Every structure is written in structure tokens, then in C-alpha cells.
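Right, one structure below, let's go through it.
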Amino acid sequence: MATTYKLLLLPGDGIGIETMAEVERLIAFFNKKSNKARFETQSDLVGGSAYDKHGVSITDEAMKKALATDAVMFGAVGGPQWDKVPYEHRPEAGLLRLRKDLDLFANLRPAICYPALADASALKRELVEGLDIMIVRELTGGTYFGEPKEIVTLENGEKRGVDTTVYTTREIDRIAKVAFDLARRRRNLVHQAAKWNVMKTGVLWRDVVTATHKAYAPDVRLEHILADNCAMQLLRNPKQFDVVLTDNLFGDILSDEAAMMTGSLGMLPSASLGAPDAKTGRRKAMYEPVHGSAPDIAGKGLANPIATIASFAMALRYSFDLGSEADKVETAIASVLDKGLRTGDIMQPGMTKVGTTEMGKAILDELTRLTA
Ligand code: NAD
């Protein structure tokens, strides 16, 4: 019998609405074809569209739905028409509230290079072709949140800015477990990147990850790497990595670096995970493309839906344990690219330019073929 999963769709604003429509086609496909899973979807507003209707960037009712669902699919928020709304109601506030209230402490950013796009990378084809790295970034602690965080004026009139990097054993242990769990489903290797040579939090990260590894995942290979060396090695020999585990600040930088090896913003998915539920063991989770609402192309049917579709593939894999279905979605994306279909953001000479719907439909057709 098929397991029923609850999925909340929050398309948001701009191209979020257009790219989520392509994910809805895939959901309808699985609901019709899969004998393993059924998705019960609900939708709601977030960002500017929620502000226009309700005067807030996400309502309490939408938050209740997000807390009760198995996974949230998020599109994108924002646009110039909301630039002047009160700060606490700006579109991004809805996204931040979701991350905070769901306590999504682990951010997963894959860097996958589809062979068909290897020549579009700034690195040489042989370095990036077939690349598949997962950056696991701690999302709720560290330098961006530590107190004190301030700019003070000193007695001599000079100013001093302070940010504080703080981590506890619990915060490091729980994200290390996410990284080890992921590695087990991949190539079984975790690189822990920190600066234990100059930072106390770096020493704690290295020690706690080592202890968690021993107690929780001795079967996974663990390497420690200085974060600056990791940044270099990502450019020199990126395929040596499988899962890279790191804190909030280094993760922000390393995930963008890894992502840019693979081309356009329109290709980049992400997931954010929280703690496992005490009863079901399932983690709270939100899946979203890395890109924003792209006001310059919104409403024109030009957006690349692949980042949002690949985010849905991550939901299949990490929230619903449907790894082979996720593989099929990713294979469908790769073969559509192999056939030469391109949205404007990834267009190359000699390829066929398509819009959002054509790209989404081509991926669905390929998925149908792979599933037959
Ligand atoms: P953006 O990601 O929206 O767009 C940057 C550039 O990339 C634009 O030229 C856009 O056309 C292009 N692009 C992005 N996604 C694309 C896709 N799927 N297909 C084709 N081209 C794509 O970033 P921005 O322009 O800095 O921000 C626009 C709005 O989005 C702002 O209001 C910003 O605050 C918001 N934003 C939201 C999120 C989010 O919801 N997670 C993230 C970043 C920015």
C-alpha cells in the first residue's frame, strides 16, 4: 500500500509561482503512477503575495500548516513592489520565520555538475564533469547569531565592531549526525572544515565531530580540513569531496563557491532540515531553490524550473525515502540537458532555447519514459 505524505507548497512571488507549477506536474505524475507514495498537498501564500492579502509575510495559519506537514516546498519571495513595506513585514521575513519556527539548523547545498553543462563552468571540464558534492552548513548558530553583536564608540571616538562566534556541543553534534547520515547514502566520506588552528570554536568543532563520529558513525570515513584549504581544494580537485560539514560562516562561503562551479542560479537546489520527530523519526524539512524571485523575468515564462524541480527531488530522497524516484527525476533532468534543451540562463550556442513550461514538460516526459 502507498504511504501518504503531506506536502505544503509555498510558491511565494515572481518566478517562484512559475517554477512551482512545474513541481506540481511531477507531484500529479507520482500520485497517478507510484504505488509507493501518495502526496497530499496544501498551498499557501508567503512573501509579498501574503503581505498583499493579509498584511503579513506569512500568516499564523500558514505556519501551523508548515509545522504539521512532512515537508515544505518553497519557491521564492520578494520584488521591488514590496521594497517599501515595513521592515518586519518584508517578504524575506516570511522565509526567516519558517526557518526559525521549524528550527531548520542544517542547510544542504548540493553542487552537481551535469555533463551537458560542464563546458559552462569556470573550471576545466575534467575537473567538474560528473561532480557531486554536498555542503552541509550549520544554519542557526555561529558568527551570524552570537552575542555580543554590536558597533560601539570608544572613548577616543573610534568605533569598534564586534561579532561573536559561539557554538555548543549540542549544536555541533546534531549537525554532524546529519552529515554522517547523508554520507551513508552517498560515498561514505565526510570532510569537516573548520579553523582549529586559530579559533576556539574550530577546536570544539573538531573535537565534537570526532567524538560524534566515534560514537555514531565509525563506519563513515572522516577527514578534518582547514576551511581555507577546503576553499582551495574545491577549485583544485573538487571531486575529492563527498560531504563537506562546516559552520554557518564558512558554509555560507564554501557553498556559494561550490555552487558556482556548476553554472547558473537557475540550476541550484537546497534543503534545510530540523530535528527528527520523536515519534516518526522524520525531520522537519524545507526544500527551495537557491535563487530569488527574479523580478526581471517574472511572469514571462522564461525562468529555469530545474532548481525547484531538483529541490523536489531532494524532498523525495531526504523526507520521503524515495531515493530511486529522486534518482529518476535527476536522470530526467540530465537527459533533457543532454538533448540540448536550455532555458535562457543556461543557453549555449547550438542548443534549443525553451521556456519554463517546455522545460518542465520535457523533464516530465523523460520521467514518464524512465518510469514506464
Ligand atoms: P535572483 O536570484 O532573483 O536573480 C538574480 C539573477 O538571476 C536575475 O537576473 C534573474 O533573472 C536570474 N535568475 C534567478 N533565478 C533564475 C531562474 N530560475 N531562471 C533564470 N534566471 C534566473 O536575485 P536578485 O535579483 O538579487 O533578487 C530578486 C528578489 O528576490 C529580491 O527581492 C530578493 O530579495 C529576493 N530573493 C529571494 C530569495 C529567496 O526567496 N530565497 C533569495 C534571493 C533573493
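The values are calculated or read from the model by the stated rules, or taken from the named source; none is laboratory data. These figures come from a predicted structure and were not determined experimentally. Cβ: placed from backbone, ideal geometry, glycine included. Neighbour counts: every protein chain shown.
For segment 290-321, what are the residues that are more than 15 Å from the chain's Cα centre (by Cα) and at pLDDT below 95?
Of segment 290-321, the ones more than 15 Å from the chain's Cα centre (by Cα) are 293-304, 320-321.
Matches in segment 290-321: PHE320, ASP321.
Quick one: which helices (runs of 4 or more DSSP H) sit completely within segment 178-288 and have at least 2 residues that are under 19 Å from the mean Cα position of the chain (by Cα) and away from the ligand (no atom under 16 Å from the Cβ)? Break it down stepwise before answering.
Values: elements: 200-216, 227-236, 248-260.
Correct list: 248-260.
Can you confirm whether segment 125-136 contains a residue that is within 16 Å of the ligand (Cβ to nearest atom), farther than 22 Å from SER264 by Cβ, surrounded by 23 or more Cβ atoms within 10 Å (Cβ to Cβ) and aliphatic (A, V, I, L, M)?
To start, the set of residues in segment 125-136 that are within 16 Å of the ligand (Cβ to nearest atom) comprises none.
Scanning segment 125-136 turns up no residue that is within 16 Å of the ligand (Cβ to nearest atom), farther than 22 Å from SER264 by Cβ, surrounded by 23 or more Cβ atoms within 10 Å (Cβ to Cβ) and aliphatic (A, V, I, L, M).
So how many residues does segment 75-86 have that are hydrophobic (A, V, I, L, M, F, W, C), out of contact with any His (no Cβ under 9 Å at 6 or more places or on another chain) and within 7 Å of the ligand (Cβ to nearest atom)? Reasoning before the result, please.
Initially, segment 75-86 is screened for residues hydrophobic (A, V, I, L, M, F, W, C), giving 76-77, 82, 85.
Then keep just the ones that are out of contact with any His (no Cβ under 9 Å at 6 or more places or on another chain); that gives 77, 85.
Pick out the ones that are also within 7 Å of the ligand (Cβ to nearest atom) and you get 77.
Of the residues in that region, 1 qualify.
Across segment 1-35, what is the number of residues that are within 16 Å of the ligand (Cβ to nearest atom) and loosely packed, with under 15 Cβ neighbours inside 10 Å?
Result for segment 1-35: 0.
Assuming ARG38 fulfils every condition listed in (1) within 19 Å of SER319 (Cα to Cα); (2) within 16 Å of the ligand (Cβ to nearest atom); (3) of a type in the set (D, E, K, R) apart from one, which condition is it?
(2)
Would you say MET359 is within 13 Å of the ligand (Cβ to nearest atom), of a type in the set (A, V, I, L, M) and in contact with an Asp or Glu (Cβ under 8 Å, 6 or more places away or on another chain)?
So MET359 passes the test.
Could you grab the pairs with beta carbons closer than 9 Å, sequence gap of 6+ or different chains, first residue in segment 49-77 and in a helix (DSSP H, G or I), second one aromatic (Phe, Trp, Tyr)?
TYR51/TRP82; ASP52/TRP82
Report, by residue number, each residue of segment 119-140 that is in a loop (DSSP other than H, G, I, E, B) and more than 23 Å from LEU182 (Cβ to Cβ).
Of the residues in segment 119-140, the ones in a loop (DSSP other than H, G, I, E, B) are 121-124, 129-131, 139-140.
If the condition is that a residue be in a loop (DSSP other than H, G, I, E, B) and more than 23 Å from LEU182 (Cβ to Cβ), then SER121, ALA122, LEU123, LYS124 are the ones that fit.
Restrict the check to segment 15-36 and report whether at least one residue is modelled with pLDDT of 95 or more and farther than 24 Å from GLU358 by Cβ.
no
What number goes with the only condition from (1) within 14 Å of the ligand (Cβ to nearest atom); (2) among the basic types (Lys, Arg); (3) part of a helix (DSSP H, G or I) that LYS328 does not pass?
Only one criterion in (1) within 14 Å of the ligand (Cβ to nearest atom); (2) among the basic types (Lys, Arg); (3) part of a helix (DSSP H, G or I) is unmet by LYS328, namely (1).
For LYS53, all conditions in the list (1) out of contact with any Asp or Glu (no Cβ under 7 Å at 6 or more places or on another chain); (2) within 16 Å of the ligand (Cβ to nearest atom) hold save one; what is the number of the exception?
So LYS53 meets the others, but not (2).
Kindly evaluate LEU8 against the criterion of being over 30 Å from PRO349 (Cα atoms), modelled with pLDDT of 95 or more and not in a loop (DSSP other than H, G, I, E, B). Spell out the reasoning first.
On the way: over 30 Å from PRO349 (Cα atoms): yes; modelled with pLDDT of 95 or more: yes; not in a loop (DSSP other than H, G, I, E, B): yes.
When the stated conditions are applied, LEU8 passes them.
Working carefully through the options GLU61, GLU92, find the one that is among the charged types (D, E, K, R), more than 14 Å from LEU9 (Cβ to Cβ) and more than 13 Å from the ligand (Cβ to nearest atom).
Details: GLU92 fails: more than 13 Å from the ligand (Cβ to nearest atom).
It is GLU61.
Does segment 220-236 contain any residue that is of a type outside the set (A, V, I, L, M, F, W, C), closer than 28 Å to MET347 by Cβ and surrounded by 14 or more Cβ atoms within 10 Å (Cβ to Cβ)? Don't jump to the end; show me each part of the working.
Going residue by residue through segment 220-236, those that are of a type outside the set (A, V, I, L, M, F, W, C) are 221, 223-224, 228-229, 233, 236.
The next check asks that each one be closer than 28 Å to MET347 by Cβ; those that pass are none.
Checked against the condition, which is being of a type outside the set (A, V, I, L, M, F, W, C), closer than 28 Å to MET347 by Cβ and surrounded by 14 or more Cβ atoms within 10 Å (Cβ to Cβ), segment 220-236 yields no hits at all.
Can you give me the number of residues within segment 289-298 that are touching an Asp or Glu at 6+ places or on another chain (Cβ under 8 Å) and more than 6 Å from the ligand (Cβ to nearest atom)?
Our first condition is that a residue be touching an Asp or Glu at 6+ places or on another chain (Cβ under 8 Å); within segment 289-298, this holds for 293, 298.
Pick out the ones that are also more than 6 Å from the ligand (Cβ to nearest atom) and you get 298.
The number of residues fulfilling the criteria is 1.
Kindly list the number of the only condition in (1) on the phi < 0 side of the Ramachandran plot; (2) within 16 Å of the ligand (Cβ to nearest atom) that fails for GLY301.
Among (1) on the phi < 0 side of the Ramachandran plot; (2) within 16 Å of the ligand (Cβ to nearest atom), the lone unmet condition for GLY301 is (1).
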